[in-house]
Amino acid sequence: MSRFWIDKISSLKPYVPGEQPTSETLIKLNTNEHALPPADAVLTAVCNISGECLRRYPDPAAVRLRSAIAATESVSPEQVFVGNGSDEVLAHLWFAFLKGRRAQTLDTTYGFYPVWAGAYDADLTEVPVLDDFSVDLDALKNSDAAVVLANPNAPTGRALKRDDIASLVDSNSDRLVVVDEAYFGFGAESSVPLVADHDNLIVTRSLSKSHALAGMRVGYAIAQADLIEGLNRVKDSFNSYPLDAVAQAAATAAIEDRQWLKQASQSVCNIRDAMGAGLEAIGFEVLPSHGNFIFTQHKSLPGKQIFDALRAQDILVRRWDKQRIQNWLRISVGTMSQAERLLVVMREIVSAETG
Ligand SMILES: Cc1ncc(COP(=O)(O)O)c(C=O)c1O
């Protein structure tokens, strides 16, 4: 702490992301990166960046990228906002629409929401998820506070259907509903088709998971044009060039390669389902997942013990010291050979402890 800090900085409770160890031998299943490398077209786009392109500032409005997203999602480019990862898009969104206002989220969800609420003085209520980690929609409907939901939810992987989101958005047209679709593409229904008829809905997306571009930092939001204009006002009061030229070119190539998305998502879902079945066979409870991860607990072994035993075998997964989920592990879907190794080690851990 420095004497030059303003009071607000001392009171911030920053988000702590999952560990990014550099060890080559570690099987890293803790931050939900994609199991596969990005599409070849993305790597070609990156290699084709010229010196002239880097000499100049990038397009501040990212027109090509926004047009590619708009074409894919059947919206207009004015309905698309892009940012440096969906975290930045969400941060701008809290500042633009939720600062100093009442908002609701779930008690078991993305840990960054309370951080932004704190940073932007929003009054955030955390509505408990039900015992099976599904969302208590009625509890969210009986309020006039804005709603911020991850769908599919993280870390649980559970997803609401589009009709459920529609009923939430319809239940109170005077409050904003934010649907964070960071994990879109792995089986959940998207709420983007609801945007056309709802001026109180904003959907955010990430290219980190679906398009294997976590290292590139690209996210976007889709909403009616006046909400998007609000985000642009925040962006242009903060950093007019949040997406560099390389990220814009890579993300445009990624969005345009729809075939890659389809095949890569299918392969992640297949590995996820095989991993879930393998864990169930040795006594794990596995929640149905619509993300590139699974959320699981063992019927008799404590989560911390399994986490430590995996770590000792060079496998890193994610666990939180939060009362409701302390026994649960979130395991990212890796390659098939990583999933096989995980299952071998899990079997050893379980049989050593349960006999
Ligand atoms: C629910 C959720 N939203 C948003 C993000 C941020 O993603 P990005 O990499 O686009 O900043 C994450 C990242 O893990 C996430 O889990």
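The values are calculated or read from the model by the stated rules, or taken from the named source; none is laboratory data. All values reported here derive from a predicted model rather than from experimental measurement. Here Cβ is always computed from backbone atoms with ideal geometry, including for glycine, and neighbour counts include all displayed protein chains. SASA here: full protein model, heavy atoms, side chains in, ligands and nucleic acids out. Shrake-Rupley method; radii C 1.70, N 1.55, O 1.52, S 1.80 Å.
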*Work out how much length TYR241 to ASN142 would gain on full extension: take 0.36 nm times their residue separation and subtract the Cα-Cα distance, in nm to one decimal.*
31.6 nm
*Accessible area (Å², per residue) of the chain, counting only protein heavy atoms and a probe of 1.4 Å*: 46
*Roughly what % antiparallel, to the nearest 5, for the DSSP beta bridges in region 40-257?*
35
_Of GLN224, ALA35, SER171, farthest towards positive along the dipole that unit charges on Lys, Arg, Asp, Glu beta carbons give the chain_ = ALA35
*Between LEU54 and ALA312, what length comes free when the chain is fully extended (0.36 nm per residue of separation minus the Cα-Cα distance, one decimal in nm)?*
88.5 nm
*asked:* Among 103-111, 145-153, how do they line up by average Cβ neighbours within 10 Å per residue, starting with the highest?
replied: 145-153, 103-111
*Convex hull over the alpha-carbon atoms of region 59-179: what's its volume per residue in Å³?*
119
*In Å, the Kirkwood hydrodynamic radius of the chain over pairs of distinct alpha carbons?*
21.3
*Say each of VAL63 and GLN326 gets a label point 7 Å from the Cα, pointing the same way as Cα to Cβ; how far apart are those two points in nm?*
5.6
_I'd like the distance separating the alpha-carbon centroids of region 243-305 and region 73-102, in whole Å._
25
*Of the listed peptides 10-19, 193-202, what is their order by residue-averaged count of other C-beta atoms within 10 Å, with the highest listed first?*
193-202, 10-19
_Of all accessible heavy-atom area on the chain, the percent that carbon and sulfur account for (1.4 Å)_ = 50
*Near LYS8, which aspartates and glutamates are there with a Cα under 16 Å away, not counting those fewer than 8 places off in the same chain?*
ASP121, ASP123
*Using unit Cβ charges (K, R positive; D, E negative) and no other charged atoms, how large, in debye to the nearest 20, is the dipole of the chain about its Cα centre?*
740
*Distance check, please: which entries in LYS161/LYS322; LYS99/LYS141; LYS13/LYS262 exceed 32 angstrom between their Cα atoms?*
LYS13/LYS262
